[in-house]
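First up is the structure itself, then whatever we jot down about it.
The values are calculated or read from the model by the stated rules, or taken from the named source; none is laboratory data. The shown structure was predicted, so the numbers you read here are calculated from the model rather than taken from an experiment. Every residue, glycine as well, gets a Cβ built from its backbone with ideal geometry; the counts of neighbours run over all protein chains shown.
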Amino acid sequence: MAQKANHVSLMGTILNSIPAEAQITRIEYEGPRIALYTKNPKYLHQNNYIISEIVNTVKKRVVTRTEKSIRKQEQDAKAILEKTLPVEAGVTNMFFDDATGEVTVEANNPRVLSADVGYDLGDLMGQTGWKVKVRKAPHIASSAIQTVYYALRAGSDERERFYRELGETIFRPRYIQAEQVTIKCLGAGREVGRSCWLVETSESKVIMDAGISPGAKNSWDAYPRLDWADVHLNEIDAVVLSHAHLDHMGFLPALYKFGYDGPVYCSEPTLPLMTLLQNDFIKIAQIEGGRILYDQKDVRDLIQHTITLQYGTVTDISPDIKLVLNNAGHILGSATVHLHIGEGVHNIVYTGDYKAGRTQLFDAASWNFPRVETLITEATYGNKEDIMPPRGEVEMNFVNTINGTLANGGKVLIPIPAVGRAQEIILVIDHYMRNKVLTEAPVFLEGMISEATAIHVSYADYLSREVRSKILEQGVNPFVSEYFTSIEHPSGRDEALREGPAIIMATSGMLEGGPVLQYFDHIAPSEKNMILFVSYQVQGTLGRRVLDGTNQASLMGDNGKIKIVDVRARTGKVEGFSGHSDYNEIIRFIGRMRPKLQQVIVQHADPRKIDNLAHSIQRIYRVPVLRPAVQEAVRVF
């Protein structure tokens, strides 16, 4: 009864705030939002102050939706849009989402359709009955974006039901007024990999990240310890994802395989990126005959339960928790997770992986949170000596290292994550080759790198100011160059491996499966070649063993048998391209927190780095610092 009364009161407050001219036909929960369905969308578009006033009154996210009865059939709406949208916009694709009444228009020149130049999308909503969103079209087709579209379309009816039921859960009244907050470490405590944290309040259970561990030898060390947490999947109110790297999201589809049916919250670009990487993870497992943790159906279930958010948007995710995602500066769409618990009772910020300094690709991680009592920070570079050199020095070191190998007719293999570092290195190589500082040679990109780059272009709003301006305002794609050849099929690897100098960038970044191993097999035995690492190498991975100087490596041969590869190629590592904060950046980031933190939790590193960073934070800022291991709980309030 209390839940029904709360619903009636909330909806009544909203209805009393809306003029009859708006022609509101119904008000529905839409997950963490309240949706107002209208037969006169143009009125609300022209009088958008009405929605702003409602939001200020009810303190909830409110969106407008068109009533289905006024929506044109998809083919008719598409015809109207094709006829009406200016040719200069270069529209390439449209995706109609029946669950929300929105159509996403992909355009080569989205600026033509922006309010900045006076274009009014509200007129299109009036003509078609669909709410129009505009996004930059990727420069090459993205199977991941299309997979997302397909899954959303196929699950349209189920998503509508899911949103309504989820909203009823989120906006129900609280059952328990007593306040307590416990954080349980299910992964990444005193280790790197399988990041997973469970936040429990008297009302809610929220998981932050659900990753896997590259290089783990058994399942106990590879996956989050949900079994220890003694929590059933149907008790979890929400999963919040910081970013699309496997050590943070590689376990997510398995949650749906094993019975979770709740929401996952993440930033907009994170959805296609994690789809790309999870499907690749499945593909590699099938090729290599390893354990297949989940399949494409589980990935589709995940897509259909994912709710994407823009940075800075305050969103209710349970009766006593609000969420805000902010830029983490690590990879495209990476986010710090800010949980507001109760009515100002406690605030937790989980950094995920973050970069507190600017890079070519991303602005520095946001730090000006209104309030934080508990900060959970990574410590990947937590030693005092983990200080990154100046960026110019880093780039010249990179260039000089490569030039030496190319001059001797050798090949440089760069094992690299497809997301983040690959795009950064692409910009660097293109810049120095064009300026004749880096020896001109063919540069080969493994196919998935190209698709990940296309997603960066499509979500250019999440890139640094300079790169964003090039793509959206100047119409220049900085990731396309005459020097680069994308290898889309295994047969194309023959060109990359033929005699002569070349640079090859291939996934994965830690030599733990993927196309990079095919190149490694050919390149490692020759002394004139080089294997150059530009990203962090986790203990236990082949990449770490090669970097540490192993003379031999075991690979799975084409015949399914183990093959021993002699490692005679020179190895190197260029520090400074990392998307993680170095020691000084972490210390400065923590020092900016206002008011003063009540406690800091240090995680995501080997124990030595965690201990060093913890001691430094405690000594400099005089705050308690906790270092929980996996299967440890911390009461923070």
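Out of Gly126, Gly118, Gly122, Gly167, I need the residue that is on the phi > 0 side of the Ramachandran plot, over 23 Å from the mean Cα position of the chain (by Cα) and outside the structural domain of Leu293 (by TED's automatic domain parsing). Which one?
Testing whether each residue is on the phi > 0 side of the Ramachandran plot, over 23 Å from the mean Cα position of the chain (by Cα) and outside the structural domain of Leu293 (by TED's automatic domain parsing) leaves just Gly118.
Residues that are in contact (Cβ under 8 Å) with a residue 60 or more places away in the chain and under 26 Å from Asp494 (Cα atoms): which strands (runs of 3 or more DSSP E) entirely in region 357-466 hold 2 or more of them?
Qualifying strands (runs of 3 or more DSSP E): 411-415, 443-446.
Condition first: touching a residue at least 12 places away in the same chain (Cβ under 8 Å), over 22 Å from Glu168 (Cα atoms), surrounded by 18 or more Cβ atoms within 10 Å (Cβ to Cβ) and of a type in the set (Phe, Trp, Tyr). Can you find one or more residues in region 34-42 that meet it?
Within region 34-42 (the criterion being touching a residue at least 12 places away in the same chain (Cβ under 8 Å), over 22 Å from Glu168 (Cα atoms), surrounded by 18 or more Cβ atoms within 10 Å (Cβ to Cβ) and of a type in the set (Phe, Trp, Tyr)), the answer is no, since none of the residues qualifies.
Pick from region 266-304 the residues that are within 29 Å of Ile34 (Cα to Cα), buried (at least 24 other Cβ atoms within 10 Å of the Cβ) and not aliphatic (A, V, I, L, M): which of them is farthest from the chain's Cα centre (by Cα)?
My answer is Thr275.
Could you go through region 326-342 and let me know if any residue there is assigned by TED's automatic domain parsing to the domain that holds Val623, in a loop (DSSP other than H, G, I, E, B) and surrounded by fewer than 24 Cβ atoms within 10 Å (Cβ to Cβ).
yes
Can you find even one residue in region 415-438 that is over 20 Å from Glu575 (Cα atoms) and among the acidic types (Asp, Glu)?
no
Within region 24-35, does at least one residue satisfy the condition of being outside the structural domain of Val103 (by TED's automatic domain parsing), modelled with pLDDT of 90 or more, of a type in the set (Val, Ile, Thr) and touching an Asp or Glu at 6+ places or on another chain (Cβ under 6 Å)?
yes
Pick from region 119-142 the residues that are among the polar types (S, T, N, Q) and surrounded by 18 or more Cβ atoms within 10 Å (Cβ to Cβ): which of them is nearest to Gly31 (Cα to Cα)?
Among residues in region 119-142 that are among the polar types (S, T, N, Q) and surrounded by 18 or more Cβ atoms within 10 Å (Cβ to Cβ), the one nearest to Gly31 (Cα to Cα) is Thr128.
Could you tell me how many of the residues in region 264-284 are hydrophobic (A, V, I, L, M, F, W, C), in contact with a strand residue (DSSP E or B) (Cβ under 8 Å, 6 or more places away or on another chain) and within 13 Å of Ala144 (Cβ to Cβ)?
Matching residues across region 264-284 total 2.
Based on this model, can you work out whether Trp197 counts as surrounded by fewer than 24 Cβ atoms within 10 Å (Cβ to Cβ) and either touching a residue at least 60 places away in the same chain (Cβ under 8 Å) or not hydroxyl-bearing (Ser, Thr, Tyr) (or both)?
When the stated conditions are applied, Trp197 does not pass them.
For region 567-574, check the following and say yes or no: at least one residue is surrounded by 14 or more Cβ atoms within 10 Å (Cβ to Cβ), within 25 Å of the chain's Cα centre (by Cα) and touching a residue at least 40 places away in the same chain (Cβ under 8 Å).
yes
Being part of a helix (DSSP H, G or I), under 27 Å from Asp157 (Cα atoms) and among the aliphatic types (A, V, I, L, M) is the filter here; which residues of region 9-54 pass it?
Leu10, Met11, Ile14, Leu15, Ala22, Leu44, Ile51
In this structure, does Leu555 turn out to be in a strand (DSSP E or B) and surrounded by fewer than 20 Cβ atoms within 10 Å (Cβ to Cβ)?
When the stated conditions are applied, Leu555 passes them.
Just to check your reading of the model, which residue among Glu28, Glu74, Glu21 is surrounded by 13 or more Cβ atoms within 10 Å (Cβ to Cβ) and either over 30 Å from Asp237 (Cα atoms) or of a type in the set (Gly, Ala, Ser) (or both)?
Answer to the selection: Glu74.
Answer yes or no: is there a residue in region 66-78 that is out of contact with any Gly (no Cβ under 6 Å at 6 or more places or on another chain), hydrophobic (A, V, I, L, M, F, W, C), modelled with pLDDT of 90 or more and within 15 Å of Ala99 (Cβ to Cβ).
No, every residue in region 66-78 fails to be out of contact with any Gly (no Cβ under 6 Å at 6 or more places or on another chain), hydrophobic (A, V, I, L, M, F, W, C), modelled with pLDDT of 90 or more and within 15 Å of Ala99 (Cβ to Cβ).
Would you tally the residues in region 352-363 being modelled with pLDDT of 95 or more, under 25 Å from His615 (Cα atoms) and either in contact with a Gly (Cβ under 9 Å, 6 or more places away or on another chain) or surrounded by fewer than 24 Cβ atoms within 10 Å (Cβ to Cβ) (or both)?
Looking only at that region, the number is 4.
When the residues of region 143-191 are filtered to those that are closer than 30 Å to Phe479 by Cβ and in contact with a Ser or Thr (Cβ under 7 Å, 6 or more places away or on another chain), which remaining residue is surrounded by the most Cβ atoms within 10 Å (Cβ to Cβ)?
For region 143-191, the residue satisfying everything is Ile145.
For region 311-324, state whether one or more residues are farther than 28 Å from Pro32 by Cα, touching a residue at least 60 places away in the same chain (Cβ under 8 Å), crowded, with 21+ Cβ neighbours inside 10 Å and in contact with a Phe, Trp or Tyr (Cβ under 7 Å, 6 or more places away or on another chain).
no
In region 156-207, which residue that is more than 22 Å from Pro253 (Cα to Cα) and aromatic (Phe, Trp, Tyr) is modelled with the highest pLDDT?
Filtering first and then ranking leaves Phe171.
Is it the case that Ser464 is at pLDDT 95 or above, small (Gly, Ala, Ser) and surrounded by fewer than 20 Cβ atoms within 10 Å (Cβ to Cβ)?
yes
Criterion first (among the charged types (D, E, K, R) and over 33 Å from the mean Cα position of the chain (by Cα)) does Lys59 satisfy it?
Here the answer is no, as Lys59 does not meet what is asked.
When residues of region 505-544 are filtered for being in a strand (DSSP E or B) and either over 25 Å from the mean Cα position of the chain (by Cα) or more than 14 Å from Thr571 (Cβ to Cβ) (or both), how many remain?
5
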